[in-house]
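Right, one structure below, let's go through it.
The values are calculated or read from the model by the stated rules, or taken from the named source; none is laboratory data. Given the structure is predicted, the values throughout are model-derived calculations rather than measurements. Cβ sites come from the backbone with ideal geometry, for glycine too, and all protein chains shown count toward neighbours. Keep in mind that these areas ignore ligands, DNA and RNA; they rest on the heavy atoms of the full protein, side chains included. Shrake-Rupley method; radii C 1.70, N 1.55, O 1.52, S 1.80 Å.
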Amino acid sequence: MIALWIAFALLLVPALWLLVLPLRRAGPVARALADDEAGDRTARQNVAVYRRRLASLEAARDRGEIDAARFDEDRLELERSLLDDTAASTRSPLKPARAGRWLVPVTMVALVVASASWYRWDGAEGDLALYRLQQQVMDDPEASLPRLIERLEAEAARQPDNPNVWRSLFPLYRDSGRLERADHALTRLLALEERSPWLLAELAQLRYFAAGRELTPNVQALVDEALAA
């Protein structure tokens, strides 16, 4: 399991690096935005347009094309338009490049905790432990069927809701003649998984032989359920 968690840690390194990457780019991006705002010519262009239009109004007034009242009215309209354009182009000040940096380590910790919790909840840690147990017994020169059953029973006590543990125990109980324990393992497996026809048939056959090859009502009910499925 240590090797597995080391592998998970190595897989998390790129994800954590991607979370840190925006921090490395925050300074250059902030400087680029500041330079962009400093070089913004929108306000200067609005003022230049205002001055040209005001000059045109003054020229029209001097030529007598408009009177003083009309000139004042049009100039007031120009000034209002300039104020509106200036207000629309006003931007909120940029925040410092370090703003919000505390969110990054919090997100990194949350990512690690969520990943580990998800794997422990929905991963195959139990199956991996079961596989490792079976490999250890098989590699043991003094391995025996009772020893394997004993180790699997201990594993069943640790993870009673893992169907693969009971699936491994059932044939060992059956082949060693421990029909009552085989019945318990198969019943537990049926409770954890769907009542598939082959599991029902296995249980019916097991109880048929346990009853001295007698087709009891219980066995018949299992046969009927398997056929209906």
Selected residue (criterion: modelled with the highest pLDDT) from residues of the range 82-93 that are loosely packed, with under 14 Cβ neighbours inside 10 Å and either in a loop (DSSP other than H, G, I, E, B) or not polar (S, T, N, Q) (or both): Leu83
Filter result (outside any helix (DSSP H, G or I), within 15 Å of Arg207 (Cα to Cα) and either touching a strand residue (DSSP E or B) at 6+ places or on another chain (Cβ under 8 Å) or hydroxyl-bearing (Ser, Thr, Tyr) (or both)) within the range 174-192: none
Of the criteria (1) surrounded by fewer than 13 Cβ atoms within 10 Å (Cβ to Cβ); (2) at pLDDT below 85, which one Ser56 fails: (2)
Unique match (being modelled with pLDDT of 70 or more, in contact with a helix residue (DSSP H, G or I) (Cβ under 9 Å, 6 or more places away or on another chain) and not in a helix (DSSP H, G or I)) among Pro171, Pro96, Pro160: Pro160
Failed condition for Ala221, given (1) assigned to a helix (DSSP H, G or I); (2) closer than 25 Å to Pro146 by Cα; (3) small (Gly, Ala, Ser): (2)
Positions within the range 203-227 being of a type in the set (A, V, I, L, M) and open to solvent by less than 90 Å² (accessible area, probe 1.4 Å), in sequence order: Leu203, Ala204, Leu206, Ala210, Ala211, Val219, Ala221, Leu222, Val223, Ala226
Enumeration of residues in the range 184-198 that are over 15 Å from Tyr173 (Cα atoms) and surrounded by 12 or more Cβ atoms within 10 Å (Cβ to Cβ): Leu190, Leu192, Glu193, Arg195, Ser196, Pro197
